[in-house]
1. Would you mind listing how long the chain runs along its three principal axes, going by Cα atoms, in whole Å with the largest first?
2. At a 10 Å Cβ-Cβ cut-off, how would you order 328, 269, fewest neighbours first?
3. Per 0.36 nm of contour for each residue apart, how much would the distance between residue 483 and residue 29 grow if the chain were fully extended, relative to their Cα-Cα spacing?
4. Which whole-number percent is the relative contact order of the chain (Cα, under 8 Å, 6+ apart)?
5. According to a simple spin-label model (label point 7 Å from Cα along Cα-to-Cβ), what is the distance in nm between residue 367 and residue 288?
6. Does segment 10-235 classify as rounded, prolate or oblate by the C-alpha gyration tensor (a ≥ b ≥ c root eigenvalues; a/c under 1.5 gives rounded; else a/b over b/c gives prolate, otherwise oblate)?
7. How long are the three semi-axes of the equivalent ellipsoid for segment 345-460, computed from the Cα gyration tensor as the root of 5 times each eigenvalue, in whole Å, largest first?
8. Taking the Cα centre of each part, how many Å lie between segment 285-327 and segment 43-81?
């Protein structure tokens, strides 16, 4: 059990984030199973969990140096959710947290009864709805109630066409109850949680698709879990795990033409991206995306937004984002593929690979692997690897982390998957080129142990190198580099510092071939000219007659150059 602070402060936010993640992790599969709106794609629980995981990690990062203030902690919580938001439900959750942060981080001057620092004088409570005593406790309660009201208000504003009977309804009911609760943040949190549970039970009568399926709203379950965690964090109390009301498996539902995108007749793709843009272009973007599709949610502010929409033309949605600002971390999901992945039939064996580039992801997927895209500076989290293992839907999984820094993350995901009955082997690949070598010898029809041994041997026999561009002056194993220098890395260590890409690449390749080899693999980044590959191929052909060369396009998010020598 995490440390439970007695007040609404930074420690309370930390405890809240941890408890919310635990609650959503416990309910994830059950929430996935009742997910029928806006699309019956069985991923609402997973999306909420991944969003909460990103948010909780941001809070932990805020505590890494000096202890943060309440304002810093709630801003980190909201920002982490915004950056990591997944799906419709995760995007709305991010906006709920952002709305709360706007009030809690503003301090006593926030208005609407906000007074001295929240939680000042706030005590523990003996009962579920108890509160502290004194003016400080009362002000803390009013401030939290205002935060919950702002959260619900901002979430409604973020959704292009709000629908009742969803997580918006549940959040709104919680906010109304919080506004009329007794004094103290604990009492406010309990009232919000209790009202959310009541509102959730009513959602099947408010939204026809839920009533026909006999389930409550999946996103609303997430709101209840997060509010329950808030009360626990403030009170130190315990809650019984909230049961997810509905059948064990989602019921197929006939779409209602009067309801927005209730199933397979809706748009074919989900598009999500982060967007750096100012307010005015974002308003125009809302109008354009609203005309292209449905389930439009745009959350954020202050130059950074998370955009979610369902469309038939994902290219047009991305182009609209480009016109508004700088979109990145673009995720496009084909609902038909997602539904097929949710089918209960398991394959015998699958490979899950972390890949640093969209081109490499396509290459590995063609070879049959389930891929997790690693973006620069954004290594995949434990939950993303576990989610990929689950999506592979296999009895046996070979996991290729392709990064030395992901060793512990991969081991943790594998351990949890094993507890769920999946046999998982982690091959300690430290680079994508080692992963490619392992994937090339993968034999899905052979025995699991022999396959793992063969793949491990192929990866271990592949030396790896990389070119990177220094972002700042720093000390390296090859000396001091300056910003803009080209760094040649071999086996993870800086071996060369150059001022030009081609010459440095050739020098790195020469060193790597100095101890022999039969095959050179080159993976080019998106900004690297084809002439570089031609130059290196010529070098190998002229200096090492018995060595073959293969070239792949790494695509967006990949390093300037990856080199493998087998």
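1. 81, 54, 47
2. Going from least to most buried by this count: 328, 269.
3. Answer, rounded to one decimal: 158.8 nm.
4. Once divided by the residue count of the chain, the mean separation gives 10 percent.
5. In this crude label model, residue 288 to residue 367 measures out at 3.8 nm.
6. prolate
7. Details: eigenvalues 67, 54, 35 Å².
For segment 345-460, the semi-axes come out at 18, 16, 13 Å.
8. Comparing the Cα centres of segment 285-327 and segment 43-81, I get a distance of 24 Å.
Read-outs: derived from the displayed coordinates by stated rules, not from any lab. Because the structure is a prediction, the values reported are computed rather than measured. Note that each Cβ is placed from the backbone with ideal geometry, even for glycine, and that neighbours are counted across all protein chains shown.
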